[in-house]
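The values are calculated or read from the model by the stated rules, or taken from the named source; none is laboratory data. Bear in mind that the values here come from a model prediction, so they are computed numbers and not experimental data. Here the Cβ positions follow ideal geometry from the backbone for every residue, glycine too, while neighbour counts run over all protein chains shown. Heavy atoms of the whole protein, side chains included, go into the accessibility calculation; ligands, DNA and RNA do not. Shrake-Rupley method; radii C 1.70, N 1.55, O 1.52, S 1.80 Å.
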Amino acid sequence: NTATLTNVAITGNTAGSAPGFGGGIHVTGAATVEVTGGTISGNTAVAGGGLWVSATGRLTARSGTVIAENTATGAAAGQGGGGLYVDGGAATLVDVEVRDNLATGAAGLGGGVLVRGGSLSVSGSLLVQRNQASRAGGGIALDGTGAPVTATITGTPVSFNTVGAASGTGGGIHAVGAVTVTLTNATVGSNTAVVGGGIYLGSGSTLVARGATLSTNVATGATAGQGGGGLYLGGGAADVAGSLFSFNSATGARGSGGGLLNAGGTVTVRRTEFRENQARGSGGAVEEAAAAPPTGVPSRYVAVLMRLNRAGADTVAGIGDGGAFHLTGAADVEVDSSTVSANTATRDGGAFWAAGGGRLIVNASSVEENAAVRGGAAFFSTAGEGVVAFFRSLIAGNTASVAGGGVFSDGGRGGVQISTLSGNRAPRGGGLFNAGGSVTVIDATVAGNVATVSGGGLAFAGAGNQTAMSNSILADNVAPTGADCFGYLLTLGPNLIETPEGCGASATISGVDPGLQPLADNGGATRTHALTAASPAARAGQTTSPFDQRGYTRDAPQSIGAYEFDGVVVADEPGPVAGAAPAVFALSAPAPNPFRNATTLRFTVATAGPVELALYDTIGRRLQTLYAGAPGAAAAVEVTVDGASLSPGVYVVRLTSASGTATQRLTVIR
């Protein structure tokens, strides 16, 4: 059966309490209802104050239809849907207003819309606004615990919705169970809840956001495990790309994750901006708080911009850490090709704060102009197998009011590798301060940092402190005591230390100007200090890393520091790397590329002899030996790369032989 309603007003109706479904319209069986224009308002029911759609029913509303001021009174779990209740059926809303509806029962879900199995499609420029639910899903609640739910929201604002304090999850959207919700060019803004001001994503649910805006949402929860002003993951998976998190906040006394709080889900964020989010507790932009050991699937933030976020609104012990990122427990996070700048923490870690047994890897990123008490860019205190490491990154212009203008270590393990610490400032340890634990500085350039008391570049103090440096430049730093370093520094392999006095360190090269040029775009993802032709660090190094900070190749004789004087950009085109000779020495581009399961390369060498072809990730870790042998001169060798065990991303293959060295880039997709 099909019913068509055009410009009809359905108002002031009430459904009885047995079963009490659909105060205005009740769609049962395989019926189809089409509503065009008109108003469904002021109706009341136990479930589906305005409309109720059965498991085999279909509802389509379009062209300015208004679903407003309806009430669902059901107090039991699974009841609600002030405006619309979908009980396994399908609802399509195009250019519809869903506003000022209520789910007033003690466990009421979905002030505007509740979907328990089935599908929901909302599109158009009208809105889901000013709806309220007692327990969860002020605007929209999606419950997939009994049957799967698919929801798509395209170009529609979900705004000014609220939930009560009983459970208080998902001010704008609440999803739990087998739910897939897709946001495309949609805005989730100015919603309020105890947890997940904008969106709450529970176990089993998946969020896919493309071109979405999560803005000015508020999470009011008072404890450290509450918050997530824009988005909260209590499990499930979020895949966010090309989106914006702005002006969201966690306002509770210890609320965390102003923009996003991940309490154990899987997060992938790409090409997305986090701007001016704030947590009164910690994690101005992002809180990563996994309680269980890492599952092998880290949270990944790729090509993101984190700017002007803030942690801590008060000076309270134990909070105010991690202006951009706050990591606790077993959180496992990778930040790649990103910019994290001008964030602040009222306590420690202006950009990053990490403690516990988790892992933070920052790769090919710029971390600049952040501020904190300790660790202007980063503070870490890892435990067990926990580690914090910066690869091929720039840490510049950060400030700390006590120590560690760039990085502060308070224990555990951490490292700065193939990276630059430049122009950071603090009273002690302008570039880096190690107060305990094991810190490594490898293939790095530490220059132009300032300490007003001691250790312009590096400073060390505290029991258990161990700081080791190899193939690095430590120069041009400023401090009244220990211009370049203060404390005991373990030096391994070649280093250039301009002023070694004050840290008991010996260096391969000391007491000379390193010949560094100012920070500039010298290629690659971040700025670097290039070496002048006369630099004593040029061709004086020794490292096992195949790349410098820019991603350029390091071929013998190598240079000291983050910049390779003779570096060559990794090839993207078929044929030999630029400068390779003779012509019979060549490494072809992989085909296909990008690829999912397998790709093929071919190479030839000019003279017979040992040859090795190896696979590396973008931070220089050797992953596989693809070929090791001794082919004849000019003999063509074909090699297959198995991508089944590789995570999606960019990799580099490197051919090494007596004829020369060549590289090619390949990309794995899923």
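The strands (runs of 3 or more DSSP E) found wholly in the stretch 330-405 and carrying at least 1 residues that are at pLDDT 95 or above and in contact with a Phe, Trp or Tyr (Cβ under 7 Å, 6 or more places away or on another chain) occupy 332-336, 352-356, 359-363, 371-374, 378-382, 399-403. Go through the stretch 139-158 and give me each residue that's assigned to a strand (DSSP E or B) and surrounded by fewer than 23 Cβ atoms within 10 Å (Cβ to Cβ). Those that are assigned to a strand (DSSP E or B) and surrounded by fewer than 23 Cβ atoms within 10 Å (Cβ to Cβ): T145, G146, A147, P148, T150, T152, T154, P157.
Per the conditions (1) in contact with a Lys or Arg (Cβ under 6 Å, 6 or more places away or on another chain); (2) surrounded by fewer than 22 Cβ atoms within 10 Å (Cβ to Cβ), the sole criterion not satisfied by A459 is (2). Can you pull out every residue in the stretch 462-487 that is surrounded by fewer than 24 Cβ atoms within 10 Å (Cβ to Cβ), closer than 17 Å to G414 by Cα and touching a strand residue (DSSP E or B) at 6+ places or on another chain (Cβ under 9 Å)? Residues satisfying the conditions are G462, G464, N465, Q466, A468, S470. Being β-branched (V, I, T) and either closer than 16 Å to L127 by Cα or without any contact (Cβ under 8 Å) to a residue 12 or more places away in the chain (or both) is the filter here; which residues of the stretch 200-221 pass it? Correct list: T213 only. Just so you know, in the stretch 495-544 the residues that are touching a residue at least 60 places away in the same chain (Cβ under 8 Å) and β-branched (V, I, T) include one that is farthest from S470 (Cα to Cα), and it is T526. Let me confirm something: among S119, S159, which residue is more than 28 Å from the chain's Cα centre (by Cα) and without any contact (Cβ under 8 Å) to a residue 60 or more places away in the chain? The unique qualifying residue is S119.
Taking G89 and the conditions (1) open to solvent by less than 20 Å² (accessible area, probe 1.4 Å); (2) closer than 20 Å to P157 by Cβ; (3) within 38 Å of the chain's Cα centre (by Cα), which numbered condition does it fall short on, given that it satisfies the others? Just one mismatch for G89, condition (2). Being modelled with pLDDT under 95 and not aliphatic (A, V, I, L, M) is a property that T6 lacks.
Contact map, the stretch 89-103: residues that are on the phi > 0 side of the Ramachandran plot and modelled with pLDDT of 95 or more paired with residues that are among the aliphatic types (A, V, I, L, M) and assigned to a strand (DSSP E or B), Cβ distance under 6 Å, separation 6+ or inter-chain. Pairs shown: D100/A68.
Scanning the stretch 187-201 for residues that are open to solvent by less than 10 Å² (accessible area, probe 1.4 Å) and under 20 Å from the mean Cα position of the chain (by Cα) yields a total of 6. For A55, the criteria (1) part of a strand (DSSP E or B); (2) open to solvent by 50 Å² or more (accessible area, probe 1.4 Å) hold in every case but one, which is (1). Taken as a whole, the structure places G78 among residues that are at pLDDT below 95, assigned to a loop (DSSP other than H, G, I, E, B) and open to solvent by less than 10 Å² (accessible area, probe 1.4 Å). Filter the stretch 265-280 for residues that are in contact (Cβ under 8 Å) with a residue 40 or more places away in the chain, part of a loop (DSSP other than H, G, I, E, B) and either under 24 Å from S647 (Cβ atoms) or in contact with a helix residue (DSSP H, G or I) (Cβ under 7 Å, 6 or more places away or on another chain) (or both) and give the result. Answer for the stretch 265-280, where residues must be in contact (Cβ under 8 Å) with a residue 40 or more places away in the chain, part of a loop (DSSP other than H, G, I, E, B) and either under 24 Å from S647 (Cβ atoms) or in contact with a helix residue (DSSP H, G or I) (Cβ under 7 Å, 6 or more places away or on another chain) (or both): just G265.
In the stretch 245-261, the residues that are aromatic (F, W, Y) form Cβ pairs under 6 Å with partners that are modelled with pLDDT of 95 or more and surrounded by fewer than 24 Cβ atoms within 10 Å (Cβ to Cβ), at six or more places apart or across chains, as follows: F247/S215; F247/T216; F247/E276. β-branched (V, I, T), part of a strand (DSSP E or B) and either without any contact (Cβ under 8 Å) to a residue 12 or more places away in the chain or open to solvent by 10 Å² or more (accessible area, probe 1.4 Å) (or both) - does that describe any residue in the stretch 281-294? No: zero hits. When V441 is tested against (1) hydrophobic (A, V, I, L, M, F, W, C); (2) over 19 Å from G284 (Cβ atoms); (3) buried (at least 24 other Cβ atoms within 10 Å of the Cβ); (4) under 19 Å from the mean Cα position of the chain (by Cα), only condition (4) is not met.
Looking only at residues of the stretch 225-234 that are in contact (Cβ under 8 Å) with a residue 40 or more places away in the chain and surrounded by 24 or more Cβ atoms within 10 Å (Cβ to Cβ), we find that the one that is farthest from R280 (Cα to Cα) is Y232. The residue that is farthest from L201 (Cα to Cα), among those in the stretch 100-131 that are buried (at least 24 other Cβ atoms within 10 Å of the Cβ) and polar (S, T, N, Q), is N101.
Selection over the stretch 11-40 of residues that are assigned to a strand (DSSP E or B), open to solvent by 20 Å² or more (accessible area, probe 1.4 Å) and either more than 19 Å from G111 (Cα to Cα) or small (G, A, S) (or both) gives a count of 3. The single condition among (1) more than 22 Å from P648 (Cβ to Cβ); (2) aliphatic (A, V, I, L, M); (3) surrounded by fewer than 23 Cβ atoms within 10 Å (Cβ to Cβ) that A237 does not satisfy is (1).
Here's the yes/no breakdown for (1) in a loop (DSSP other than H, G, I, E, B); (2) open to solvent by less than 10 Å² (accessible area, probe 1.4 Å); (3) at pLDDT 95 or above; (4) within 21 Å of F274 (Cα to Cα):
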residue	(1), (2), (3), (4)
A165	yes, no, no, no
H174	no, no, yes, no
L183	no, yes, yes, yes
S203	yes, no, no, no
A209	no, yes, yes, yes
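Within the stretch 500-524, the residues that satisfy the criterion of being in contact with a strand residue (DSSP E or B) (Cβ under 8 Å, 6 or more places away or on another chain), closer than 16 Å to T445 by Cα and assigned to a loop (DSSP other than H, G, I, E, B) are P500, A507, T508, V512, D513, P514, G515, N522. Filtering the stretch 258-272 to residues that are closer than 15 Å to G197 by Cβ and among the small types (G, A, S) leaves G258, G259, A263.
Please indicate, with yes or no, whether at least one residue in the stretch 383-399 is more than 19 Å from the chain's Cα centre (by Cα), under 22 Å from R550 (Cβ atoms) and open to solvent by less than 10 Å² (accessible area, probe 1.4 Å). Yes, the stretch 383-399 has at least one match.
Checked against the criterion of being under 24 Å from Y616 (Cβ atoms) and assigned to a strand (DSSP E or B), the candidates A562, A556, A530 yield just one match: A530.
The single condition among (1) of a type in the set (A, V, I, L, M); (2) in contact with an Asp or Glu (Cβ under 9 Å, 6 or more places away or on another chain); (3) surrounded by fewer than 21 Cβ atoms within 10 Å (Cβ to Cβ) that L516 does not meet is (3).
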